[in-house]
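Structure, as C-alpha cells:
The values are calculated or read from the model by the stated rules, or taken from the named source; none is laboratory data. Because the structure is a prediction, the values reported are computed rather than measured. Glycine gets a Cβ as well: all are built from the backbone with ideal geometry, and neighbour counts include every protein chain shown.
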Amino acid sequence: MDFMIYVWIALFVVLVIIEAATVQLVTIWFAAGALAAFIAALLDVQFWLQLLIFVAVSVLALALTRPLVKKMKAKKFQPTNSDRFLHTRALVIEEINNTEGKGQVKAGGTIWSARSSGGEVIEKDATVTVEAIEGVKFIVKKLSE
C-alpha cells in the first residue's frame, strides 16, 4: 500500500478532530479534500494528482458551501414582547421626570418604567408615543395636543 494513503487518512482525521473542537466551520472543507485525496490514493493515482484533487475539492467545497452556511447562520432579529409597543401610544400614570429617575406609562394593559426622550417633564395623564426601548424602560415623547 502507498504511504500517502496513511497521510491522507491521518490528515482527514486530524482535520475532523479540529473541526469538532471548534464552534466555527474552520477545517471541514479541507477534510473533504483530504477524503477525496485519500480515495485517489486508494486508486493508486500519482501524488501530484492527489494533491491537485485535495486542493480542488477543498476550494470547491469552500466555494459552494460557505455562502449557504453563512446564510443559514445569519442572526435574525428576534422581536420581544415589548417591541410591539414601539411607535404606539401610552398613558402616563406617574409623572415622568428624568432628573428624579421616575415615571411610568401604561401600554397594552401593562405598566412600564418610562423616560422622556427630550428630557422634559411629562405630567400624569398625558398621552405619549413610545420612540424606543432601552432595557426595560420606554423612551417616550409627549404627543402634541
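Points worth noting:
- Test: residue in segment 18-27 that is over 30 Å from ILE139 (Cβ atoms) and touching a residue at least 40 places away in the same chain (Cβ under 8 Å): yes
- In segment 95-115, the residues that are surrounded by 15 or more Cβ atoms within 10 Å (Cβ to Cβ) and outside any loop (DSSP other than H, G, I, E, B): GLU95, ILE96, ASN97, GLY103, GLN104, VAL105, ALA107, TRP112, SER113, ALA114, ARG115
- The helices (runs of 4 or more DSSP H) found wholly in segment 1-76 and carrying at least 3 residues that are touching a Ser or Thr at 6+ places or on another chain (Cβ under 9 Å) occupy 3-21, 28-42.
- Checking VAL92 against (1) within 18 Å of ILE133 (Cα to Cα); (2) surrounded by fewer than 19 Cβ atoms within 10 Å (Cβ to Cβ), the condition it does not meet: (2)
- Residue in segment 27-38 that is under 30 Å from LEU68 (Cα atoms), surrounded by fewer than 16 Cβ atoms within 10 Å (Cβ to Cβ), among the hydrophobic types (A, V, I, L, M, F, W, C) and in the same structural domain as LEU64 (by TED's automatic domain parsing) present: no
- Taken together, the residues in segment 1-26 that are over 17 Å from ALA41 (Cβ atoms) and in contact with a helix residue (DSSP H, G or I) (Cβ under 9 Å, 6 or more places away or on another chain) amount to 5.
- Inclusion of TRP112 among residues that are closer than 29 Å to ILE133 by Cα and aromatic (Phe, Trp, Tyr) is warranted.
- Residues satisfying the stated conditions in segment 116-129, i.e. surrounded by 13 or more Cβ atoms within 10 Å (Cβ to Cβ) and either of a type in the set (D, E, K, R) or in a strand (DSSP E or B) (or both): SER116, ILE122, THR127, VAL128, THR129
- Within segment 88-108, the set of residues being more than 14 Å from LYS137 (Cα to Cα) and within 32 Å of the chain's Cα centre (by Cα) comprises THR88, ARG89, GLY108.
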